[in-house]
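Novice: I'd like to ask some things about the structure below.
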Amino acid sequence: MKIEKIKGFRDHYPDDMEIRNYFLNKITSAAENFGYGRIDFPSLEPLDLYRLKSGTELVNQTFSFTDKGGREVTMIPEATPSTMRLLTARKDLPKPVRWYSVPKVWRYEEPQEGRFREHYQFNADMFGLDSAETDAEIVGLASTILDSIGLSGIYEININDRFLMEYILKDLGVQDVSGAFSIIDKFKKIDKKSFILSFEGIGAKDDEIKKILSLLGEKVDIDNLEKRVKKVVKNYDDIKSRIDRIKKTFDLIKLYTESQINYDFSIVRGLSYYTGMVFEAFDIKGELRAILGGGRYDDLSKLFIEEQIPAVGFAIGDAVIELLLKRQDLWMRRDKKESYYICNISSGDDDYIVKIASRIRSINKIAIIDMTHRKLASQMKTASGFDYAIIIGEKEVEENALTVKNMKISEQSTVGYDDFLLRLRNKSE
Ligand code: HAM
């Protein structure tokens, strides 16, 4: 019986994993440069954690089951609720808290370009402050990450504010704000007719729907935000301070990146816990689904404790990143470690060979010992993919020496063991 891989899941071989890890390391090191510390949590959580706050759409996409103890559990579909559980369990932590994580997450979605049923997801979140500065740092970190992996110029970030949207929707007379958010979230995925029908389904009137549509059509330059909002709300002064904060956030984000940042009323995010700024990054050509997404979720802590803890963060999946980097011809590792392939044609002086390999590895370079006992020509063929070949035969063992060939310039010489160590030591400095 042939057992196939489950639909929507991926296998990763070393050549692929090496590049994936290289980019994940770049991402995590950018977060560490901003002072974010890594956390981790279980892959399996109580389903209630998501039922209560992520929203029904995500819960419908979970890989969940009842365990042998009768508990309803799920493979985590996202990291935010677990992160909040960790945070609220530790009252002693000085705020603000800056954390990141890189879990695998699972969602029963229709597999498509950049979307799978299992993916690595980098998350970064900051807790304890609610301000334009913190919102800007989170968007700034997101763009710094995209810039650091080479994607500057090919992405844009679209931002909206759920607080402002809620105000506008209520001001227009829409009663079911969360229903309205779920429909707006699908604005780009459904046609205009279905959009209008869905809004009618939650009791919105024709003129309300018209005004909502007038906002969603195109991205807005931040300098025109005030004008656009004034057109739809009855009393602009009631919401002026929020617009000022959004403008300040935009000004601050520009200190982190030169990338295109737009105001976009159609970004409301599918997850239901967001309360303030929300944002997503897209490829500029608009061909792919979101590269990353996040926002402010100040009320989620109340699911765990009485206290409200301001929170803002985002997540980025490995799959769209891989697609974009491949399209740009950037899916490769640039900082390859120096590598040595040790060809063994001696009659088994393992001591000497392992000693050489260990010394090379001790300065964080790659050393691979050929263990096939093939002819030298065959071993050298394999060595051609490495920076250096080291040849150890009877003569080298006897003389306590090594024959080293620089494979790039095809230059070969025999050096004493101590001289070789000296050369290695110079490289490690
Ligand atoms: P999300 O928008 O559901 O947000 O997912 C964030 C990112 O994860 C997406 O932009 C995409 O890069 C990636 N992603 C999501 N689903 C898939 C999939 N099926 N296959 C591949 N990649 C995928 C969240 O998950 C929030 N918890 C983010 C957050 C953190 N908000 C605050 N802090």
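Novice: Yes or no: Ile316 in the same structural domain as His119 (by TED's automatic domain parsing) and within 7 Å of the ligand (Cβ to nearest atom)?
Specialist: yes
Novice: Can we say Gly270 is surrounded by fewer than 18 Cβ atoms within 10 Å (Cβ to Cβ), farther than 15 Å from Asp161 by Cβ and within 16 Å of the ligand (Cβ to nearest atom)?
Specialist: Yes.
Novice: Kindly indicate whether Ser346 is on the phi < 0 side of the Ramachandran plot, buried (at least 17 other Cβ atoms within 10 Å of the Cβ), of a type outside the set (Val, Ile, Thr) and assigned by TED's automatic domain parsing to the domain that holds Met407.
Specialist: Yes.
Novice: In addition: Does Thr134 satisfy the criteria of being surrounded by 19 or more Cβ atoms within 10 Å (Cβ to Cβ), within 16 Å of the chain's Cα centre (by Cα) and either away from the ligand (no atom under 13 Å from the Cβ) or modelled with pLDDT of 95 or more (or both)?
Specialist: Judged against the criteria, Thr134 is not a match.
Novice: What number of residues within the range 278-298 are among the charged types (D, E, K, R) and away from the ligand (no atom under 13 Å from the Cβ)?
Specialist: 2
Novice: Let me ask something additional. Check Ala311, Ala357 and return the single one that is at pLDDT 95 or above and within 16 Å of the ligand (Cβ to nearest atom).
Specialist: Ala311
Novice: All but one of (1) surrounded by 19 or more Cβ atoms within 10 Å (Cβ to Cβ); (2) within 29 Å of Ser152 (Cβ to Cβ); (3) away from the ligand (no atom under 16 Å from the Cβ) hold for Ile212, so report the exception by its number.
Specialist: Of the numbered conditions (1) surrounded by 19 or more Cβ atoms within 10 Å (Cβ to Cβ); (2) within 29 Å of Ser152 (Cβ to Cβ); (3) away from the ligand (no atom under 16 Å from the Cβ), the odd one out for Ile212 is (2).
Novice: Within the range 327-339, is there a residue that is surrounded by 14 or more Cβ atoms within 10 Å (Cβ to Cβ) and in contact with a strand residue (DSSP E or B) (Cβ under 8 Å, 6 or more places away or on another chain)?
Specialist: Checked the range 327-339: at least one residue is surrounded by 14 or more Cβ atoms within 10 Å (Cβ to Cβ) and in contact with a strand residue (DSSP E or B) (Cβ under 8 Å, 6 or more places away or on another chain).
Novice: Same structure, new question: What are the residues in the range 319-354 that are more than 21 Å from Met407 (Cα to Cα), charged (D, E, K, R) and assigned to a loop (DSSP other than H, G, I, E, B), if any?
Specialist: Of everything in the range 319-354, those that are more than 21 Å from Met407 (Cα to Cα), charged (D, E, K, R) and assigned to a loop (DSSP other than H, G, I, E, B) turn out to be Asp329, Asp349.
Novice: Name the single residue that is nearest to the ligand (Cβ to nearest atom) among those in the range 299-308 being over 19 Å from Tyr50 (Cβ atoms) and not polar (S, T, N, Q).
Specialist: Filtering first and then ranking leaves Glu307.
Residues checked against (1) in contact with a Leu (Cβ under 9 Å, 6 or more places away or on another chain); (2) of a type in the set (A, V, I, L, M, F, W, C):
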position	(1), (2)
Leu172	no, yes
Val177	yes, yes
Phe187	yes, yes
Ser198	no, no
Ala204	yes, yes
Lys210	no, no
Leu216	no, yes
Lys219	no, no
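Novice: Mind checking whether some residue in the range 45-56 is over 27 Å from Glu306 (Cα atoms) and in the same structural domain as Arg117 (by TED's automatic domain parsing)?
Specialist: No: the range 45-56 contains no residue that is over 27 Å from Glu306 (Cα atoms) and in the same structural domain as Arg117 (by TED's automatic domain parsing).
Novice: While we're looking at this one, here's another question. Which residues, counting only those in the range 65-81, are within 16 Å of the ligand (Cβ to nearest atom) and more than 18 Å from the chain's Cα centre (by Cα)?
Specialist: Matches in the range 65-81: Thr74, Met75.
The values are calculated or read from the model by the stated rules, or taken from the named source; none is laboratory data. Note that the coordinates shown come from a computational prediction; the quantities given were computed from them, not determined experimentally. FYI the Cβ positions are ideal-geometry reconstructions off the backbone, even for glycines, and counts take in every protein chain you see.
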